[in-house]
Amino acid sequence: MVCPFCKSQENSAKHGTYIRHSDGKKCQRYRCKACQKTFSETHFGIDYRLRKRYLNQNVFRSLCSGVSQRRLAIILGVQRAVIARRLVRFGMCAQHNLEVYRRGRSKVSRLTFDELETFEHTKCKPITAAIAVEDKTRKVLAISVGKIPAKGPLAKLARKKYGPRPCERHKCLKALFADLADCIGPSGLVKTDQSKAYPPFIRSYLPDWIHEATPGRRGCVVGQGELKEGAWDPLFSLNHTYAMFRDGLKRLARRSWCTTKKIENLTLALYMYAWFHNLYLDSKRRSHLKLVWMH
Ligand SMILES: [Zn+2]
């Protein structure tokens, strides 16, 4: 076991067992020979120190199925903090899993990415979430979140009320490509819309890739804005995934009462949904939809 305190490898010895109070499970303790601290096998699970562990998978699936945190607390008859705590824990686990997935999978040769817009607290404080999706399979590969200033009619009011807001769009795209470096092949096809911000990034991070820019189309009047009118959408993998994010995460739904309060928690929620989405695409049976820490 790797020591969680000093990270020393293979240097711990068994150090007795104990019965976990909350569910009666027998747990193995270890002692690290390097730092003398003890820890148990449960340290590495997603339910470490969460006593209502029977709720975990249900909370994970519900939060990724368009249920708000408050409503889920009512349904399960628990405090709101029970849900909020799990959102943070699951988001961190999903972020880690996505990293492991990127390193372990075969190289991607068909990529598509775009930015999903949402906001923190008020529409005067917009947020951009760059999400890269593998074309055809619709697997989410990487996510990066950043603040952007309000534009259009709200820009003036936003500056007056909340002061200047930084534009982290470039930083955000840079972070996206840094994450993608683990899983992209030497050449391939990358599809985006015709945003002027993308070609410089693609030239520097994907020099041998072919870039196909598709003109944006008008969204349909009903349903998800991302699913465009008309027969054939070249960015279907991307738009369909974005529509699923908006449907799965309550805070991204259009005309919702639920909003993001902290940008960090939005990031974690996006990771959580992304991992759920990838699990869902992989699972032949629904019982496989389980969040576990990957090694
Ligand atoms: Zn140690």
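Go through region 89-114 and report how many residues are surrounded by 15 or more Cβ atoms within 10 Å (Cβ to Cβ), under 20 Å from the mean Cα position of the chain (by Cα) and touching a residue at least 60 places away in the same chain (Cβ under 8 Å).
Residues in region 89-114 being surrounded by 15 or more Cβ atoms within 10 Å (Cβ to Cβ), under 20 Å from the mean Cα position of the chain (by Cα) and touching a residue at least 60 places away in the same chain (Cβ under 8 Å): 17 in total.
Please determine, by comparing only the residues of region 23-33 that are touching a Phe, Trp or Tyr at 6+ places or on another chain (Cβ under 7 Å) and either free of Cβ contacts under 8 Å to residues at least 24 places away in the same chain or among the β-branched types (Val, Ile, Thr) (or both), which one is surrounded by the fewest Cβ atoms within 10 Å (Cβ to Cβ).
That would be Cys27.
Please determine, by comparing only the residues of region 1-10 that are open to solvent by 80 Å² or more (accessible area, probe 1.4 Å) and either near the ligand (Cβ under 9 Å from one of its atoms) or at pLDDT 90 or above (or both), which one is nearest to Met294 (Cα to Cα).
Filtering region 1-10 for residues that are open to solvent by 80 Å² or more (accessible area, probe 1.4 Å) and either near the ligand (Cβ under 9 Å from one of its atoms) or at pLDDT 90 or above (or both), the one nearest to Met294 (Cα to Cα) comes out as Lys7.
Just to be sure before I move on: is Gln36 open to solvent by 10 Å² or more (accessible area, probe 1.4 Å) and not assigned by TED's automatic domain parsing to the domain that holds His15 in the structure I sent?
Against the criterion (open to solvent by 10 Å² or more (accessible area, probe 1.4 Å) and not assigned by TED's automatic domain parsing to the domain that holds His15), Gln36 does not qualify.
Assuming Ile19 fulfils every condition listed in (1) surrounded by fewer than 13 Cβ atoms within 10 Å (Cβ to Cβ); (2) within 16 Å of the ligand (Cβ to nearest atom) apart from one, which condition is it?
(2)
How many of the residues in region 247-268 are out of contact with any strand residue (DSSP E or B) (no Cβ under 8 Å at 6 or more places or on another chain), in contact (Cβ under 8 Å) with a residue 24 or more places away in the chain and in a helix (DSSP H, G or I)?
Adding up the residues that qualify gives 5.
Out of the residues in region 164-185 that are surrounded by 13 or more Cβ atoms within 10 Å (Cβ to Cβ) and within 16 Å of Glu99 (Cα to Cα), state the one that is farthest from the chain's Cα centre (by Cα).
Ile184
Just a yes or no: is a residue in region 29-50 away from the ligand (no atom under 11 Å from the Cβ), assigned to a strand (DSSP E or B) and on the phi > 0 side of the Ramachandran plot?
No: zero hits.
Would you tally the residues in region 242-266 being under 30 Å from Leu189 (Cα atoms), in contact with a helix residue (DSSP H, G or I) (Cβ under 7 Å, 6 or more places away or on another chain) and of a type outside the set (A, V, I, L, M, F, W, C)?
Adding up the residues that qualify gives 2.
How many residues, within region 124-138, are in contact with a Ser or Thr (Cβ under 9 Å, 6 or more places away or on another chain) and open to solvent by 20 Å² or more (accessible area, probe 1.4 Å)?
4
Go through (1) in contact with a Phe, Trp or Tyr (Cβ under 8 Å, 6 or more places away or on another chain); (2) surrounded by 14 or more Cβ atoms within 10 Å (Cβ to Cβ); (3) small (Gly, Ala, Ser) one by one and return the number of the condition Ser65 breaks.
(1)
Quick one: Pro234 ticks every box in (1) in a helix (DSSP H, G or I); (2) under 18 Å from Lys136 (Cα atoms); (3) in contact with a strand residue (DSSP E or B) (Cβ under 8 Å, 6 or more places away or on another chain) except a single one, so which number is it?
Of everything listed in (1) in a helix (DSSP H, G or I); (2) under 18 Å from Lys136 (Cα atoms); (3) in contact with a strand residue (DSSP E or B) (Cβ under 8 Å, 6 or more places away or on another chain), Pro234 misses just condition (1).
Helices (runs of 4 or more DSSP H) wholly in region 65-180 with at least 3 residues that are within 18 Å of Glu264 (Cα to Cα) - which ones?
Passing ranges, in order: 80-104, 169-180.
Look at Ala13 and say whether it is within 16 Å of the ligand (Cβ to nearest atom), of a type in the set (Gly, Ala, Ser) and exposed (fewer than 14 other Cβ atoms within 10 Å of the Cβ).
Yes, satisfied.
The values are calculated or read from the model by the stated rules, or taken from the named source; none is laboratory data. Predicted model only: the values in this text are computed from it and were never measured. Positions of Cβ are backbone-derived with ideal geometry, glycine not excepted, and every protein chain shown enters the neighbour counts. Accessible surface is based on the protein model in full, side chains and every heavy atom, while ligands, DNA and RNA are left aside. Shrake-Rupley method; radii C 1.70, N 1.55, O 1.52, S 1.80 Å.
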